[in-house]
């Protein structure tokens, strides 16, 4: 019987056979186990190691169900991985690495790395991994807005505060020292797309909009100057926040609700998030928001959300060097 609650999941996955069966379904959904190196299908299952071995002689002929997923090369057992996935995908305001470390019995450093790999698995924006369809195109509009994430200048260390102020020519306030995030909400599907952007210039905002929303969609934004040419590709309506927040059906309250959920998670659970990690935290919140309900508006269960998350982990990889910013590609992702 499949687990329904976190307690059920911990007990269920503590059985190595159950954990292996879940991992096998994740990695080989059609039920045919094949060698990830050469593709050979008549592999031998090594019961004592809970691995498979390819009959051909080549490097890394032994492999586990973690190969080809975000869990690859991890010495942490599958039961702990699956419990961590259950918690992160279902905890409304996220879960800290300290909480995961205490719950599954690993170090905080290991839990921190695990959570970043899981967030990458939940991502629709991950570089080099698959494709995604655009939102919009239906009868309903798409709300578009941007926000800034970061600490307040008054709470920063003196040296850091002075550096930000000097970089901006002595100006303070507003978006000083913060990272821009752009979001789009499809009202019909109740689906959000959000990503970190380098700035809020017209070129950046409209290029992101074109890459995420179908041409000709009805788009609602605020009066920001960066959206002044949107009507070339979309049916564009604007709400002037200096006068009102709602003008009939024209408003951005839906996407602003998502911003409140995101910032509550960042401030309440994660406390301090570096800009080069922010994209993955945004992806985490997007996944939970988009999988609150089914298309028929019925609530998703924890098990359904968990089983939706697992197949997304295949074909993605995040090394410790990348997550710590040791590689040139990951140091400046935007």
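Just so you know, all these numbers are worked out from the coordinates, no wet-lab data involved. No experiment lies behind these values; they were computed from the predicted model shown. Cβ placement follows ideal geometry from the backbone for every residue including glycine, while neighbour counts extend to all protein chains displayed.
Structure summary
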item	result
Whichever residue in segment 238-255 is buried (at least 16 other Cβ atoms within 10 Å of the Cβ) and in contact (Cβ under 8 Å) with a residue 24 or more places away in the chain and, among such residues, is nearest to the chain's Cα centre (by Cα)	255
Count of segment 13-70 residues which are more than 25 Å from residue 303 (Cα to Cα) and outside any strand (DSSP E or B)	21
Lone qualifier among 306, 276, 258 - being in contact with a strand residue (DSSP E or B) (Cβ under 6 Å, 6 or more places away or on another chain), assigned to a helix (DSSP H, G or I) and either within 28 Å of residue 139 (Cα to Cα) or in contact (Cβ under 8 Å) with a residue 40 or more places away in the chain (or both)	258
Among residues of segment 65-90, those that are crowded, with 21+ Cβ neighbours inside 10 Å and more than 17 Å from residue 122 (Cα to Cα), counted	4
